[in-house]
Structures are given as structure tokens and as C-alpha cells.
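Undergrad: Handing you a structure now.
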Amino acid sequence: ADGGLKLPYPEAGRIEYVGPGGEFTGGEITLQGEHTWVIESPGYAAYTLHFEVLPGTTVLSFSIYLIPDDGATRAVLRWGNTPEDLDIMVLPQGVTTAGGSPVVWAQRDVFTGVDTIPPPTNSEAEPPYLWWGLYPDEECSCTDNDGDPSTYCDATCFLAAEFGNVKLSIDRDDISHGVDDGQGNIPNSPEIATMRDMLPGVYRVYANVYTFPADAPEPQFDSEVLVDIWLGDGVNIFAVDTVTLPAGTGGKWFFAGYVLVTRAPVCDGANEKRQKTGLLLCHSWYRVGGVVDTPRGVDFWPVYLELTDAISVDAVDFSRATYEVYYGGSCNCFGTINCVCTDSAFVLRGQVGPDNTGGTEGW
């Protein structure tokens with residue numbers, strides 16, 4: 001429906017259809033005022049476009065990229081004319097296999113299926129993360145490997161768990177915002193990262209300002225930056241959040257938030273979905289929405305809980321102990337069994353296993 005005219009779509013607006021050569025092939029009429037259009041196509045999630053037609057406006061151009069409704073989790077990076085080049089990045093941390101071992105990340109060649117272990121991104125202490133630099137000689141795009149135009153293409157830039165199904169991919173890269181396409185349009189296309197079959201752990205989502213050399217002070221964030229988060233359940237996808245960085249903020253690293261994957265029988269929390277039907281894995285989105293100095297400026301470390309009896313040396317029954325995990329801010333737990341946390345993001349709540357009757361429990 002169109003908010004400007006209160007009439008059903010498509011009579012309410014003008015969509016110009018453009019042929020392969022850029023020629024006008026048809027359209028619908030748009031009048032002055034504020035409008036809301038819903039763009040839909042079979043196999044894709046609906047896209048809601050809000051815009052205003054001001055007096056004297058003759059042409060408005062929008063680049064709409066529909067997200068496949070295929071059950072995968074995605075982060076979509078959108079921004080205005082400046083800077084020309086931003087990059088979306090996904091940094092996995094603390095990701096473990098079903099047996100509890102740290103995941104070994106690998107670059108996978110989409111054409112051959114061969115895995116190679118990439119060098120550490122910054123130092124030996126840091127695992128590699130998903131970014132365009134994993135493939136400096138290739139363009140991050142997708143290819144039609146199976147030759148079937150009815151199926152989705154395969155991303156050429158992705159990071160995977162070696163010998164596993166986890167797949168983190170950059171579906172499209174864009175380096176030319178604010179540039180006219182030669183037909184009077186400035187497409188300002190998005191960058192898209194896809195996360196499939198994630199194992200337990202944290203997957204941080206960042207936007208970065210591309211500079212060369214990397215330590216150059218300019219450019220910095222200028223236009224408004226938006227990161228859309230879509231959580232998938234293996235069948236469909238759901239829009240759960242849009243994290244915004246206001247125009248003129250500055251800085252070079254925008255920490256949008258993180259996806260937390262946990263093992264749990266029920267996925268009923270806020271912004272939480274079952275990762276795939278039949279698997280006891282939940283994944284949730286937690287917003288951060290702040291500029292940081294480096295992508296590794298805030299790390300998650302193991303937390304250990306030890307219960308002791310102040311009177312006797314008897315082991316304490318861990319089965320009655322519960323815990324809550326928060327990210328950021330500060331918490332006051334003095335004099336009460338309930339903690340009050342300020343400026344913190346709730347991460348998870350759990351109960352220490354009944355098999356642990358003493359000693360130290362970690363998670």
C-alpha cells in the first residue's frame with residue numbers, strides 16, 4: 001500500500017522498467033508526497049521502500065536488492081554516497097565443533113572444492129575472518145556452478161570450517177558509491193554477508209572504511225550507514241534489526257553487533273531462531289551499534305565459576321547454580337542474588353549442569 005495516496009499498489013506509484021540497453025520499457029505514476037512501497041518477487045523476502053517525492057522532483061532512482069528467502073542468516077551493509085568504498089566483515093570467535101574443539105577455518109575454492117588454510121589476519125593469536133582480502137586476486141561475487149538459472153548462484157569469496165558445513169560468504173562487494181552509472185543514476189549498491197550452518201560461538205559483524213594504505217587517517221564514515229540483520233531458520237528468513245550509524249560520525253570500524261549460536265532445546269528468546277529444523281542449535285542477534293578502534297578491540301574470554309562452602313569442606317551441589325551473561329556496561333550484584341546491569345546487552349541465561357558437584361565450572 002502507498003502512504004502518500006492511500007491507494008493500492010501499483011496504481012499508487014511509478015516504477016520505470018529498464019531494458020538491457022537502459023531503455024525505458026514502462027512504468028507506473030508517482031505523485032508528490034511520502035510513499036511506502038513493498039517490492040516482492042517469488043523466492044525472495046519482501047523489501048519495504050520508504051521515500052518522499054518533493055515538489056519539482058522529476059526522477060528518483062533506487063537500487064533494490066532482494067534477499068533470497070532460503071533460510072540463511074545475512075547481514076546487509078547499506079550506505080550513501082561517501083565514502084566510496086565500505087566493506088562488510090564477519091569475525092568468528094570461540095567457534096567450536098560438536099566435540100568442543102576449536103574450529104579450523106579454511107578458504108574454500110568454490111570451483112574445485114579444495115580447502116586451504118589462510119594465514120592469520122593480523123597475528124598468530126587471531127583466527128582469520130571473512131573479508132574481501134581473503135581473495136585479493138578475485139572479485140567477491142557469485143557464479144552459476146550448476147548451470148541452472150532457477151537456482152541461486154554460489155559465492156566465490158567465503159570462509160568455511162575445514163571438514164565441516166559452516167560457510168561464511170561475501171555475496172557481493174561494492175567499491176563505487178556516489179558514482180554515476182552513466183545514465184544519471186547513482187546505484188549505491190549494498191554489500192552482503194551470508195552465514196550458513198553456524199556452529200556454537202560468536203560471529204561479529206563489522207563495517208570498515210577501506211583505506212590505502214590501511215593506516216591512512218582518511219576517509220572515515222561520512223554518510224549514514226545501515227546494517228540490516230536477517231535471521232534464517234533453514235527454511236525462511238526474518239528481518240530482526242537495522243543498526244544505524246548517523247551521518248558524520250567519523251571513525252573507521254563500526255561494530256554492528258554479533259550473532260550468538262548456542263546449543264539449546266528451545267529457541268524462544270528475543271531475536272532468536274532455530275538455526276535449522278531438527279538441530280538443537282539456536283542463534284540470536286545482539287546489537288552493539290558503536291564505533292571501535294579495531295575489530296579486536298573487545299574480546300570474549302572464558303569465564304569460570306567456583307562455588308565453595310564457607311563452613312565445611314564438603315563439595316557444593318552445582319545443580320542449583322544459575323548464571324547470566326551480559327556484554328558491556330556494568331553490573332551490580334552486591335547484597336542480592338539478582339544483578340542489576342546498566343548499558344549491557346543480555347547474552348544468555350543458563351544453569352550449571354547437575355553432574356558438576358564441586359570444583360570449577362567454565363563456559
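The values are calculated or read from the model by the stated rules, or taken from the named source; none is laboratory data. Because the structure is predicted, anything quoted here is derived from the model rather than measured. Note: ideal-geometry Cβ built from the backbone for every residue, glycine included; neighbour counts use all protein chains shown. Surface accessibility is based on the protein's heavy atoms, side chains included, excluding ligands, DNA and RNA. Shrake-Rupley method; radii C 1.70, N 1.55, O 1.52, S 1.80 Å.
Undergrad: With respect to ILE175, is the statement that it is in contact (Cβ under 8 Å) with a residue 60 or more places away in the chain and under 15 Å from TRP79 (Cα atoms) true?
TA: yes
Undergrad: Taking the residues in segment 79-88 that are within 20 Å of the chain's Cα centre (by Cα) and not aromatic (Phe, Trp, Tyr) as candidates, determine which candidate is surrounded by the most Cβ atoms within 10 Å (Cβ to Cβ).
TA: ILE88
Undergrad: Do you know which residues across segment 136-183 are modelled with pLDDT under 75 and open to solvent by 80 Å² or more (accessible area, probe 1.4 Å)?
TA: PRO136, ASP137, GLU138, GLU139, ASP146, PRO149, SER150, TYR152, PHE163, ASN165, GLN183
Undergrad: Among THR242, THR249, THR277, which is modelled with pLDDT of 85 or more, assigned to a loop (DSSP other than H, G, I, E, B) and either open to solvent by less than 10 Å² (accessible area, probe 1.4 Å) or of a type outside the set (A, V, I, L, M, F, W, C) (or both)?
TA: After applying the criteria, what remains is THR249.
Undergrad: Only one of (1) modelled with pLDDT of 85 or more; (2) under 29 Å from LEU260 (Cα atoms); (3) exposed (fewer than 13 other Cβ atoms within 10 Å of the Cβ) is not met by VAL76, so which one is it?
TA: For VAL76, the exception is condition (3).
Undergrad: I want to confirm something. Restricting to segment 89-99 and keeping residues that are under 22 Å from ASP233 (Cβ atoms) and among the hydrophobic types (A, V, I, L, M, F, W, C), which single residue is most open to solvent (accessible area, probe 1.4 Å)?
TA: ALA98
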